Structure formats: C-alpha cells, structure tokens
Amino acid sequence: MAVPADRRESLLASRKTGMIPRPLESVLSLFDRLFLIVAQIAMALMMLSISADSLGRYLFNRPLTGSYEFTSLYLMVIITFLAIPATYASGGHIRLDILRERLARVPGRPFERINALLAAAVFGFLTWHAGGAAITKFIERDTSFGVIQFPLYWSYVWVPVGCGLLSVRLALEIVFPQSPAGQSRDKVHHAGEDGL
C-alpha cells in the first residue's frame, strides 16, 4: 500500500523538525487527558475516603471499613501510573539540565534519542512484566484477605496501562526527538535563582 505523496512529505517534514505527526500526537494527547482525568477522580476519591474514615473513626468510633485497602490497592496505583504519561508529555518530571544547552547543539539530537531509548526500554520492560502479572491475576481471580475481600486483579491493570502509554510516547520520541515540553530556554527554572 503506497503512502500518498503529500502525506509522505508531511511525515518527512515532521521528522526533520522533530515534531510528532499531528494525528498521532492528538491521539496520544487524548489518552493522556483521559488517563489524567481518571487519576484526578481517583485522587478526589482517595481524599473523600480518607476523610470519611478519619471522621468516622474519631467522631463516631466507627471507621470506614476497607478504606485503607481501597486506597492502597486501587487509588494510589491509579494516581501514580495513569498520571505518568501526561506528566511526561507536559514536561512535569524532574530533569537534570547540566549539559542540555551544549548537547542541544549536536545535530540530530542523539542524546535526547538515547535518553528516550533507555526510558522506553525500561518502561516497555515494566509494561511487559506488569501486563503478564495482570493477566495471571485475572485468570486466578486473586482477592485480598480481610473483612472485605477486594479483587486484587483490578489493581494490577493500571501499571501496564500507564507504563504502556508512556512507552509508546518514548518510542515516538526516538524517531521524533522533542525538547522537554513546556520548557523553553526562558522558562527553565534553575536552582538557586530565587535565593533558596
């Protein structure tokens, strides 16, 4: 199947400029936003669950049964792993900029590509193994011990889902290297600038 000439030129131009093709970026951004919304809902649920547990425990001497397990088994995993791709895409992770300006002058951005390759390998490995563990837990229908038996297999789903989306984004950055999102030369905050 041949790629139309105008589409081929668009892909070649995006490779030269380091921009991920617009349709692909819009799909990734859609999933980033969707995962981030789910993580934000989980954060709100965690806040409500912990508050209800504390109020029940100290005001009525009746804690919310299963609150700790629900928070630790589901909500914290969702918050952590579903927020990773959107945080990376927005440039929200901590970065070391020691040699960034000098290395940015190297044509083809090989150092950014190497960083993306190493990170994609690590998160791809996590996706693969966590996905295998999630499938195993689903087959076994694993549950927790306690008064309320939570289905553990649902807590295993979120790790490969979040790491998988980040792996895809990193793999694309090997081909289309990006400068860190949200960080232009004038917006980068260096430690010590504000007198701290």
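The values are calculated or read from the model by the stated rules, or taken from the named source; none is laboratory data. Note that the structure is a prediction, hence the values are computed from the model and not measured. Using ideal geometry, Cβ is built from the backbone for each residue, glycine included, and neighbour counts are taken over all protein chains shown.
Filter region 144-157 down to residues that are touching a strand residue (DSSP E or B) at 6+ places or on another chain (Cβ under 9 Å) and under 12 Å from residue 66 (Cβ atoms) and give me whichever is surrounded by the most Cβ atoms within 10 Å (Cβ to Cβ). Applying the filter and picking the extreme gives 150. If the condition is being among the small types (Gly, Ala, Ser), in contact (Cβ under 8 Å) with a residue 60 or more places away in the chain and over 30 Å from residue 27 (Cα atoms), then region 58-85 contributes only 66. Are any residues in region 143-169 in contact (Cβ under 8 Å) with a residue 40 or more places away in the chain, within 22 Å of residue 38 (Cα to Cα) and of a type in the set (A, V, I, L, M), and if so, which ones? 152, 159, 161, 165, 166, 168 - these are the residues of region 143-169 that are in contact (Cβ under 8 Å) with a residue 40 or more places away in the chain, within 22 Å of residue 38 (Cα to Cα) and of a type in the set (A, V, I, L, M). Screening residue 80 against (1) in contact with a Leu (Cβ under 9 Å, 6 or more places away or on another chain); (2) surrounded by 14 or more Cβ atoms within 10 Å (Cβ to Cβ); (3) of a type in the set (S, T, N, Q) leaves a single unmet condition, (1). If only residues of region 114-141 that are surrounded by fewer than 15 Cβ atoms within 10 Å (Cβ to Cβ) and not hydrophobic (A, V, I, L, M, F, W, C) are counted, the one that is farthest from residue 82 (Cα to Cα) is 140. A Cβ distance below 9 Å, combined with a sequence gap of six or more or placement on separate chains, defines the contacts here; from region 131-142, residues that are touching a residue at least 40 places away in the same chain (Cβ under 8 Å) reach no residue that is surrounded by 12 or more Cβ atoms within 10 Å (Cβ to Cβ) and among the charged types (D, E, K, R).
Any residue that is under 17 Å from residue 165 (Cβ atoms), exposed (fewer than 15 other Cβ atoms within 10 Å of the Cβ), out of contact with any Ser or Thr (no Cβ under 7 Å at 6 or more places or on another chain) and at pLDDT below 90 - is there at least one of those in region 11-23? Yes, region 11-23 has at least one match.
Just the residues that are in contact with a strand residue (DSSP E or B) (Cβ under 8 Å, 6 or more places away or on another chain), within 14 Å of residue 73 (Cβ to Cβ) and not β-branched (Val, Ile, Thr), please, taken from region 124-143. Residue satisfying the conditions is 142 alone.
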